[in-house]
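Chemist: Before I ask anything, let me first share the structure, which is written out below as structure tokens.
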Ligand code: GDP
């Protein structure tokens, strides 16, 4: 499970602090050294770690003995609050348009889990009473259209396709028209991915964005790729502009570096996480619950 190693190390560190009646500067410094190492080992971005430790240290300096909490417990509370803030403080939801349909564009690199996640999200929205439509715009990867159709069928959501001979912009526009005349209130566009970020991909995505004017662009990244996922997010955000991130494969990521770094590096929130291959393995991302999971 995610944060396995980090949770174990931090809990060890704080066990030592918890029961101390008084904390010396040396105690705090030693604990912060251990926290710093644990975060780096969890593959958290170097600068993010540095800022995080500085913030905690600053707040820990002024700690006074309270009746309710030992100084050690107060340090833990500070770390918990700062971890929560690092991941975005509160849950970030989808921005639904006041005038339906809400158009959501899903982007990401090949293999990140974009097609599966598009289906998961459509299924989740359907359960919430929405009437989603999926549009298949990945015209390059063999079998991508078919894959989306299979996923759509499984979650009971219609899929609009025009094969692989039309441009993604034309397919998107026709799909939106189709959705509007069929009463769909959320339209999810599954765009093409590439193995690496390249200009051609970005240009295509920008064309769709400019033409379709989506209310929400969600980037799907694979948490198991750690800092690569963070770099991808930074790049997509700079080139295209994104509204949020969906972090997939958190079930297989024991380190959690991407989960802890994406928000701080891109200033864009993680909105959902993928927790398995099944189509209901998608959950909203709760920064406070994640922080508590780390600190036990
Ligand atoms: P795409 O190329 O980005 O469209 O990626 P796919 O949707 O085809 O997914 C690539 C692989 O990742 C598939 O085998 C999916 O089942 C798997 N996958 C997607 N999301 C998750 C997840 O949250 N957890 C796990 N364990 N596997 C996932």
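Chemist: Testing residue 78 on (1) farther than 30 Å from residue 239 by Cβ; (2) more than 16 Å from the ligand (Cβ to nearest atom); (3) assigned to a helix (DSSP H, G or I); (4) touching a residue at least 24 places away in the same chain (Cβ under 8 Å), one condition comes back false. Which one is that?
Modeler: Residue 78 satisfies every listed condition except (4).
Chemist: Residues in region 29-38: is at least one in contact with a helix residue (DSSP H, G or I) (Cβ under 8 Å, 6 or more places away or on another chain) and touching a residue at least 40 places away in the same chain (Cβ under 8 Å)?
Modeler: yes
Chemist: Please go through region 215-232 and pick out each residue that is more than 16 Å from residue 198 (Cβ to Cβ) and either buried (at least 22 other Cβ atoms within 10 Å of the Cβ) or under 10 Å from the mean Cα position of the chain (by Cα) (or both).
Modeler: Hits for region 215-232 are 217, 218, 220, 221, 222, 223, 229, 230.
Chemist: Can you name every residue in region 120-142 that is away from the ligand (no atom under 16 Å from the Cβ) and either in a helix (DSSP H, G or I) or out of contact with any helix residue (DSSP H, G or I) (no Cβ under 7 Å at 6 or more places or on another chain) (or both)?
Modeler: 125, 126, 127, 128, 129, 130, 131
Chemist: For the condition closer than 26 Å to residue 207 by Cβ, in contact with a helix residue (DSSP H, G or I) (Cβ under 9 Å, 6 or more places away or on another chain) and outside any strand (DSSP E or B), what is the one hit in 229, 258, 264?
Modeler: Going through 229, 258, 264 in turn, the sole match is 229.
Chemist: Of the residues in region 245-272, how many are under 14 Å from residue 91 (Cβ atoms), more than 14 Å from the ligand (Cβ to nearest atom) and crowded, with 24+ Cβ neighbours inside 10 Å?
Modeler: Of the residues in region 245-272, 1 are under 14 Å from residue 91 (Cβ atoms), more than 14 Å from the ligand (Cβ to nearest atom) and crowded, with 24+ Cβ neighbours inside 10 Å.
Chemist: To continue, here is another question. Which of the following residues is buried (at least 19 other Cβ atoms within 10 Å of the Cβ) and over 29 Å from the mean Cα position of the chain (by Cα): 10, 17, 86, 6?
Modeler: 17
Chemist: Can I ask one more? Do the conditions hold for residue 119, that is, is it at pLDDT 95 or above, under 24 Å from the mean Cα position of the chain (by Cα), more than 20 Å from residue 100 (Cβ to Cβ) and crowded, with 18+ Cβ neighbours inside 10 Å?
Modeler: So residue 119 passes the test.
Chemist: Separate question: Restricting to region 143-155, and then to whatever is within 21 Å of residue 214 (Cβ to Cβ) and within 11 Å of the ligand (Cβ to nearest atom), can you tell me which residue is surrounded by the fewest Cβ atoms within 10 Å (Cβ to Cβ)?
Modeler: Filtering first and then ranking leaves 144.
Chemist: Kindly indicate whether residue 175 is more than 16 Å from the ligand (Cβ to nearest atom), under 18 Å from residue 137 (Cβ atoms) and surrounded by 20 or more Cβ atoms within 10 Å (Cβ to Cβ).
Modeler: yes
Chemist: Which condition does residue 17 not pass, out of (1) out of contact with any helix residue (DSSP H, G or I) (no Cβ under 9 Å at 6 or more places or on another chain); (2) part of a helix (DSSP H, G or I); (3) at pLDDT below 85, if it passes all the others?
Modeler: Unmet condition: (1).
Chemist: Please go through (1) under 19 Å from residue 265 (Cα atoms); (2) within 16 Å of the ligand (Cβ to nearest atom); (3) not in a strand (DSSP E or B) for residue 116 and return the number of the only condition it doesn't satisfy.
Modeler: (1)
Chemist: Restricting attention to region 20-63, which residues are part of a loop (DSSP other than H, G, I, E, B) and surrounded by 15 or more Cβ atoms within 10 Å (Cβ to Cβ)?
Modeler: Scanning region 20-63 gives 23, 42, 43, 44, 45, 63.
Chemist: Can I ask one more? Of everything in region 273-287, what is near the ligand (Cβ under 10 Å from one of its atoms) and in contact (Cβ under 8 Å) with a residue 60 or more places away in the chain? Give them in sequence order.
Modeler: Within region 273-287, 274, 277, 279, 281, 282 qualify.
The values are calculated or read from the model by the stated rules, or taken from the named source; none is laboratory data. Quick caveat, the model's predicted, so the values are computed rather than measured. Note that we place each Cβ from the backbone using ideal geometry, even for glycine, and neighbour counts take in every protein chain shown.
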